[in-house]
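As structure tokens, the structure follows; a few thoughts come after it.
The values are calculated or read from the model by the stated rules, or taken from the named source; none is laboratory data. Keep in mind the model is a prediction, meaning the values are calculated, not measured. Quick reminder, even Gly has a Cβ in these numbers, built from the backbone with ideal geometry, and neighbours come from all protein chains shown. Heads up: the accessible areas ignore ligands, DNA and RNA and are worked out on the full protein's heavy atoms, side chains in. Shrake-Rupley method; radii C 1.70, N 1.55, O 1.52, S 1.80 Å.
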Amino acid sequence: MHQLATLTGERMVTLVRRTMVCNEITLSYLERGALSAATPTLVFIHGYGRCAEDYGLVFPHIPESWHVIALDLRGHGQSERTGTGYEMQKLASDVESFFDAMGLSQAVLIGHSMGSLVARLVAISRPDLVKSLVLAASTSSFANHPALKQYEPVIAKLQDPIPEESMSRLVAGSLVNAPPPAFLEGVIQRCCSVPARIWRTSLSAMLAGGYSDQLDRLKVSTLVIWGEEDLFTRPEQDRLVSAVTDARLISYENTGHDVPVERPEWLARDILEFARGNFSVNERIMHEIIDMWNGADPSRLAEIIDPGYIDNVPMPGPGHGPERIAAQIAAVRENNPECRYSIDELVSSGNHMILRYTYHESRTQSMNTEGESTGIAWYQLRNGRVIRRFLYSEAFYASKWIAQPGS
């Protein structure tokens, strides 16, 4: 059994190390709890060169009543190290076989980095297994990605046994916020235990196939979590979200690529909220409104805007209801037909939401100007519809609302 602590060491959790034969190989995994009708099973897949223990700082923030599994992929952690089979599709097939052997279905599948690619291939191939999907530190396409290719010369030089000093530099390169020293030392030691040949073959497999052309086949509800200092850029996140049928993005400030290690409490919080379905209504509303501003058909406004809607923005048009939003959209697009809105960050609590957005304008008719501005909006909801909105141009006001969302 494994005992894992929080960042502060205030609470210990125990997970059991088990093995399961899948696809004719032995896969190792950590498990806590058991299948329950009350909550979905959470299945965690680690990133490149890592293992299940990488989520060790996340688990203490997940209630003990939830069934949690963290799987070591083929060749990683304590799973069997085969001579072949490190293609992303093969790793995904291993995970599917593991689900079948465990009797799992409709689980929340969480993947970090390389694990996010494996997870989405599972969700595409076997949607019956996946209730919803969380992709942390992912990208729209891994194929020949420059952020990954820069590691090729470093990985090519690795020799067994891998020196801790070399691995320490490699691990530190993805961190903006360092975890507790003892945990970081464990990460480095576990990375050193992965043979150099698996580091090389796994990297080649990621670079060989981005599978971005399959994203439109991903139909399960998907949460994309991105660290704003990640080498996988914001435009890549936008492309990923826009390509998936039902996807939404949450960004973490001052966070690098190693999200489970850098922001374990945030990650656990957002996984739980997403798994409980608390994101579904709010995120759907926000993305549909943004789509309306971006020129989509506004005929569905009545589904997400309450008839008694009021707004603090002095714009022409009716004063209440969906007609108010429709009039504002028409007025803005008449003056600037090439305007675009995007959601940068969303803080959601019950029937209140704070939204940080970017507005891009490109006026080519009357004047040749282009620029971007940011704004803050506070929304109040009732019965799944927006009943009130206030807009602010300064973060000071937004921080006031976030601190007191019920005011």
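List of remarks:
- HIS67 vs. criteria under 21 Å from the mean Cα position of the chain (by Cα) and modelled with pLDDT under 95: no
- Residue under evaluation GLY77, criteria (1) in contact with an Asp or Glu (Cβ under 9 Å, 6 or more places away or on another chain); (2) in a loop (DSSP other than H, G, I, E, B); (3) farther than 25 Å from LEU27 by Cα, criterion not met: (3)
- Residue that is least open to solvent (accessible area, probe 1.4 Å), among those in the stretch 95-134 that are in a strand (DSSP E or B) and either in contact with a Gly (Cβ under 6 Å, 6 or more places away or on another chain) or of a type in the set (D, E, K, R) (or both): HIS112
- Top-ranked residue of the stretch 135-156 - restricted to ones that are in a loop (DSSP other than H, G, I, E, B) and of a type in the set (A, V, I, L, M), ranked as farthest from SER93 (Cα to Cα): ALA137
- Members of the stretch 9-66 found to be in a loop (DSSP other than H, G, I, E, B) and among the basic types (Lys, Arg), listed by number: ARG11, ARG50
- Flag for ARG248 being in a strand (DSSP E or B) and more than 30 Å from ARG169 (Cβ to Cβ): yes
- Number of residues in the stretch 215-234 that are assigned to a helix (DSSP H, G or I) and either modelled with pLDDT under 90 or buried (at least 23 other Cβ atoms within 10 Å of the Cβ) (or both) equals 2.
- Restricted to strands (runs of 3 or more DSSP E) entirely inside the stretch 289-376, those with at least 1 residues that are of a type in the set (Val, Ile, Thr) and either at pLDDT below 80 or open to solvent by 50 Å² or more (accessible area, probe 1.4 Å) (or both) are 305-311, 340-349.
- Number of residues in the stretch 100-124 that are more than 19 Å from the chain's Cα centre (by Cα) and closer than 21 Å to ARG276 by Cα: the value is 2.
- Flag for GLN159 being assigned to a loop (DSSP other than H, G, I, E, B) and open to solvent by 50 Å² or more (accessible area, probe 1.4 Å): yes
- Of all the listed residues (SER166, SER125, SER138), the sole one being of a type in the set (Ser, Thr, Tyr) and modelled with pLDDT under 95 is SER166.
- Some residue of the stretch 166-179 being under 25 Å from LYS90 (Cα atoms) and part of a loop (DSSP other than H, G, I, E, B): no
- Criterion violated by SER141 - all others in (1) hydroxyl-bearing (Ser, Thr, Tyr); (2) under 30 Å from ASP291 (Cα atoms); (3) out of contact with any Gly (no Cβ under 9 Å at 6 or more places or on another chain) satisfied: (3)
- Output for the stretch 48-65, where each listed residue is open to solvent by less than 20 Å² (accessible area, probe 1.4 Å) and without any contact (Cβ under 8 Å) to a residue 40 or more places away in the chain: ALA52
- For the stretch 73-83, filtered to residues that are surrounded by fewer than 22 Cβ atoms within 10 Å (Cβ to Cβ) and more than 12 Å from SER202 (Cβ to Cβ), the residue that is nearest to the chain's Cα centre (by Cα) is GLN78.
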